[in-house]
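The structure appears below as structure tokens.
The values are calculated or read from the model by the stated rules, or taken from the named source; none is laboratory data. Please read all numbers here as calculations on a predicted model, not as lab measurements. Cβ: placed from backbone, ideal geometry, glycine included. Neighbour counts: every protein chain shown. These accessible areas exclude ligands, DNA and RNA; they are computed on the full protein's heavy atoms, side chains included. Shrake-Rupley method; radii C 1.70, N 1.55, O 1.52, S 1.80 Å.
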Amino acid sequence: MKKSIAILGSTGSIGTQSLEVIETHPDKFEVEVISAFNNTRLLIEQAKKYHPNVVVIANEEKYAEVKAALASEPVKIFAGEEALNQVVQMDSIDMVLTALVGFSGLLPTYHAIKAGKDIALANKETLVVAGEIITKLAKEKEVNILPVDSEHSAIFQCMAGEYMNQIEKIYLTCSGGPFRGRTLDEMQHITPEDALDHPNWEMGDKITIDSASLINKGFEVIEAHWLFGLPARDIEVVVHPQSIIHSIVQFTDGAMKAQMGLPDMKLPIQYALSFPERFATNFPRFNFLDFPTLDFERPNTKIFRNLALSYEALEQGGNMPCVLNAANEIVVSAFLEGQVRFVQLPEIIEEVMQKAEIIQHASLEDFVLTDNETRKITRLLIEKRK
Ligand code: MN3
């Protein structure tokens, strides 16, 4: 029996690597659905190569182009973001891999869980925004949420066989990004090009900026909170510039388990797809002699304020992490367009959080409204600063 996979966001960094993983195990997996927002060129190429039964182009204006290019292929083509919410429910899908960017991942993931599909979660924003609703629904539907994020995959791997044992603490490792060790003065003139140059990981633009500003790590704290049920105080971030230890679990007897390896997203992607099995790979292996020292330091939350703001949002709860996420999505694109400076990212996010109306026990509709409203407020604040 092959596992039939829907890949949402198949043209992004995680999406393309997932297809490569699937391609190396044709006896184990098949691609049922692929989707992209805008990248029609690659989506069409993938459709011809991997022969999914369904292709979704989220940007409706590009439907005709995709339809024409795939006219001779036996494939169904749908357009629009709403189509994703429908397609994920198809009987022929066993697992949905969510590699969409940002808030857009929430509703398709929700609908997939509701339809009883296991989730390989690469869209951490889904749990940042609506962790409580999503994890509750997954429990109710007996759906597994398998983390693709390398740190959470590491924790998940460390927990195998430990389900009865209590975790005392989680250490989320963090490379520190390209600006580790800089002073605020030295960060004044960072360009998008500087920030897009991550030392260890090849990723999409949005997550690369998120990693440089450390909000990505803040999101991962929130993600870990929901995935593993630990309070924020028991989730500690430790900077580890080599990115060899992908995270650490500490149990109540003081024992620590770490998952290690060269930084390569294909491993956590494959583990999410193959769990509970491990499939053989030819990925490059770690060599101790190449890394005679592994370093660790405390993150500087005075300079990388976004990490502190993330803990604060988690502490406040309700729709506050949703506010944090929406404000971040807007400031990141404004930064990439040269409208705000790198050091202003946390300033603006913090101002938006202070202005936000907090809703405890927010519903899915509340999150959609909060997301919309926050985007507007953030854009206004950016305009005012010009
Ligand atoms: Mn990560």
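The phi torsions of the range 61-72, fed into the Karplus equation with coefficients 6.51, -1.76 and 1.60 and a -60° offset, translate into couplings of 5, 9, 4, 4, 4, 5, 4, 5, 5, 10, 4, 8 Hz, rounded to whole numbers, with Gly and Pro shown as x. Qualifying GluC sites (Glu not before Pro) in the range 134-206, where qualification requires a DSSP coil assignment and no more than 13 other C-beta atoms within 10 Å, comprise E142, E162, E202.
At a 1.4 Å probe, what is the % contribution of carbon and sulfur to the accessible area of the chain? Carbon plus sulfur share of accessible area: 50 percent.
Using a cut-off of 30 Å between Cα atoms, the listed pairs K117/K355; K217/K376; K3/K376 include K117/K355; K3/K376 as exceeding that distance.
Cα-based radius of gyration for the range 268-385, normalised by 2.2 N^0.38 Å, reads 1.45. Taking N as the residue count of the chain, its C-alpha radius of gyration divided by 2.2 N^0.38 Å amounts to 0.96. Per residue, the solvent-accessible area of the range 29-133 (1.4 Å probe, heavy atoms of protein chains only, all protein chains present) comes to 40 Å². On a per residue basis, the convex hull of the C-alpha atoms belonging to the range 3-147 measures out at 93 Å³. Subtracting the Cα-Cα distance of E23 and H189 from their residue separation scaled by 0.36 nm leaves 55.5 nm.
If each residue of separation counts as 0.36 nm, what is the full-extension length gain between E142 and K114 once their alpha-carbon separation is subtracted?
9.1 nm
You can think of it this way: the chain between K3 and Q316 has 108.7 nm of extra reach, that is 0.36 nm per residue less the Cα-Cα gap.
Counting only lysines at least 8 places from K76 when in the same chain, those with an alpha carbon closer than 18 Å to its own are K48, K49, K62, K67. For chymotrypsin sites (Phe, Trp or Tyr not before Pro), the sites in the range 64-167 that DSSP calls loop and that have at most 16 other Cβ atoms within 10 Å are Y163. Work through the residues other than N216 whose Cβ is under 12 Å from its Cβ and net out their charges, Lys, Arg +1 and Asp, Glu -1. For residues surrounding N216, the net value is -3.
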